[in-house]
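Structure, as structure tokens:
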Amino acid sequence: MKKIMVSGVRGGVGTTSVVAMLADALCTYGQTVLMIDLTSSDLLRLHFNVPWRDAHGWCNSRSAGGWQQRVFSVRPGLYLLPSGQLRPENYTIIPDDDACAWLEQQCLPHLAHLPWKIDWVIFDCPTVRHPVTARLRPHVLHDIMVVWPDAGVHALLGAHGLAQGSHLLINGARPERQLSGDIVLDWRVRFKQSVLPVWLHEDESVQEAMAWKMPVTRYRPGCAASDAARSLAMWCIGRVKHQQ
């Protein structure tokens, strides 16, 4: 079982959309995938038509390993564990300590005892500086940080740097725009091999797909974002073979 964490340098860079399209692309290549949403926003469920009114998720499972009963099978070989709502009638932010405790005490120790054969677990994480993201990092094979080439993300990345072993996934690239192109060039020079060879150019199909409650790889398989998602999936698979 290989683990991937996907986080953003800040909110709004497309982390959850990347998780949805990457998981679906891996599944297309015959891999079985479990997605786990560690964010309070709980948006990953909407990419797979799991409604808000269904409060199932890990944050309201109390027994050790009990969260396995709250996993949705969204298509053959593709599973989703939402974060869920502590109180369905009233949106509640998940406390940092609770998320860290669940991850370390209930999730990671029980992944080896899942009732399904899982090839990949993909964690949809909060921002890179969130405590649960830091706790998860030592346990994953691939650590992917999603960045959007704008001035704010560039400033944050410059201030906080890149964790050892992390890879940058550039999302929303617009090479024809001077600022976007300059920022991407700076990252490629500064972070070198840590910048993934796969870029996600700005593609309206990604937003349209979420409106239709599906990953873009299902909504429009032939668009540029779907091609990039499949390339990212092949990079993940290829890295495993290379390390073996």
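Shown is the FRET efficiency for HIS201 and GLN69, computed with R0 = 51 Å from the Cβ-Cβ distance and rounded to the nearest 0.05: 0.80. Over all orientations, the range 148-244 has a Cα convex hull whose mean projected area works out to 7.3 square nanometres. Take 31-38, 230-237 and order them by the average number of nearby Cβ atoms within 10 Å per residue, most first; the result is 31-38, 230-237.
The ellipsoid equivalent to the alpha-carbon distribution of the chain has semi-axes of 27, 19, 18 angstrom, derived from the gyration tensor eigenvalues as √(5λ) and listed largest first.
Once C-alpha pairs closer than 8 Å and six or more residues apart are averaged by separation and normalised to the residue number of the chain, the relative contact order reads 27 percent. Taking 0.36 nm per residue of separation and subtracting the Cα-Cα distance, full extension of the segment from ALA224 to ASN60 would add 55.3 nm.
Here the chain is treated with +1 on each Lys and Arg Cβ and -1 on each Asp and Glu Cβ, and its dipole about the Cα centre works out to around 560 debye. Projecting the Cα positions of PHE123, SER83, ALA155 onto the charge dipole of the chain (unit charges on Cβ atoms of Lys, Arg, Asp and Glu, taken about the Cα centre) puts PHE123 furthest along the positive direction.
Please give me the summed charge of the neighbours of GLU104: other residues whose Cβ is under 13 Å from its Cβ, Lys and Arg +1, Asp and Glu -1.
Cβ neighbours under 13 Å give a net charge of -1.
Apply 1/(1 + (r/R0)^6) to the Cβ-Cβ distance of SER194 and VAL240, taking R0 = 30 Å, and write down the FRET efficiency to the nearest 0.05. Kindly include the intermediate steps, with their values, before the conclusion.
Working: r = 18 Å, r/R0 = 0.61.
Result of the calculation: an efficiency of 0.95.
Length gained on full extension, SER231 to TRP52, computed as 0.36 nm times the residue gap minus the Cα-Cα distance: 61.3 nm. For ASN49, what charge total do you get from the other residues with a beta carbon under 12 Å from its beta carbon, if Lys and Arg give +1 and Asp and Glu give -1? With Lys, Arg at +1 and Asp, Glu at -1, the net is +3. In straight-distance terms, cross-link reach from LYS117 covers every one of the aspartates and glutamates whose alpha-carbon lies under 18 Å from its own, apart from those fewer than eight places away in the same chain; here that gives ASP24. Taking a span of 24 Å or more along the helix axis (Cα atoms) and a mean Kyte-Doolittle hydropathy of at least -0.5 as the rule, the DSSP H helices of the chain that qualify are 224-243.
Gain on full extension, evaluated as 0.36 nm per residue between ASP96 and ALA163 minus their Cα-Cα distance, stands at 22.1 nm.
The numbers here are math on the coordinates, done by the rules we state, and not lab data. Values in this document were obtained by computation on a predicted structure and should not be read as measured data. Glycine also receives a Cβ, built like all others from the backbone with ideal geometry; neighbour counts cover every protein chain displayed.
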